[in-house]
Amino acid sequence: MGKNLIQQRRGKGNTRYRSPKHKFIGAPKYPLVNSANVTEGIVKNIIYAPGRKIPFAVVEFAGKKELLIPSDGVQLGQKIMINGPAENGNVVELEKIPEGTKIFNVELRPSDGGRLCRSPGSFALVTTRSANKTVIVLPSKKQKVLSSRCRATIGVPAGAGRSDKPMLKAGKKYFAARASGKLYPIVTKTKMNPVDHPFGGRNFGKMKTRSRDRSPGSKVGSISPRRTGKKKR
């Protein structure tokens, strides 16, 4: 009899698959402020977030501290403005950002706190705007149309050189993955035994589609796909 699959064991109380909550110190997002006023804050600290791949900036706005994703080059004591000029580190609405400017932590909807381009070194570019819409280009070269009232931070997220240094040892990679609740190492499913995974012991000549109504342990592969097979051009 085989053992439970990884997707079956997750969330069952085993510490191997449990995300260490004490390493996630908070969720960085923009504070809710009046868009007609310029809100000024001061960077009080730049802290290391063990469960994430990017540092956080502790910014104080009118006595209240907020967590923000810092731009590359932000320093302690620097002033961060919301709805201010389009300068490095400031949070500005898309309609006030010049075309060709690098931005990150872009909101998908006005006042949602920031959703796009939040990883170190990733940024989007403002291309065109018309009426109440602004078009940005994501790192994947995909264009996205957003409301001009959405906010974004000017610049590039800090920590862009994090992945330049190699891990060198498997142990370092293991602890780095464990800090963010990731499983490492990961074995290819077809290299497993048939009792350990539905794909085990196969060199795929069989369909991988699964019904959405199947049990959690058998939901591997393509779950209720809209189409199968190679796309015809």
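Things to note:
- Filter pass, PRO139 being over 30 Å from HIS22 (Cβ atoms) and not assigned by TED's automatic domain parsing to the domain that holds ARG52: no
- Restricting attention to region 4-30, the residues that are at pLDDT below 75, farther than 14 Å from LYS182 by Cα and surrounded by fewer than 11 Cβ atoms within 10 Å (Cβ to Cβ) add up to 2.
- Pick from region 118-162, criterion in a strand (DSSP E or B) and of a type in the set (Lys, Arg), ranking: nearest to MET81 (Cα to Cα): ARG151
- The criterion of at least 2 residues that are over 11 Å from ARG151 (Cα atoms) and of a type outside the set (S, T, N, Q) is met, among strands (runs of 3 or more DSSP E) falling completely within region 60-109, by 64-68, 79-82.
- Residue in region 168-178 that is surrounded by 12 or more Cβ atoms within 10 Å (Cβ to Cβ) and in a loop (DSSP other than H, G, I, E, B) present: no
The values are calculated or read from the model by the stated rules, or taken from the named source; none is laboratory data. Keep in mind that what you see is a predicted model, and the values were worked out from it rather than measured. Please note: Cβ atoms are built from the backbone with ideal geometry, for glycine as well, and neighbour counts cover all protein chains shown.
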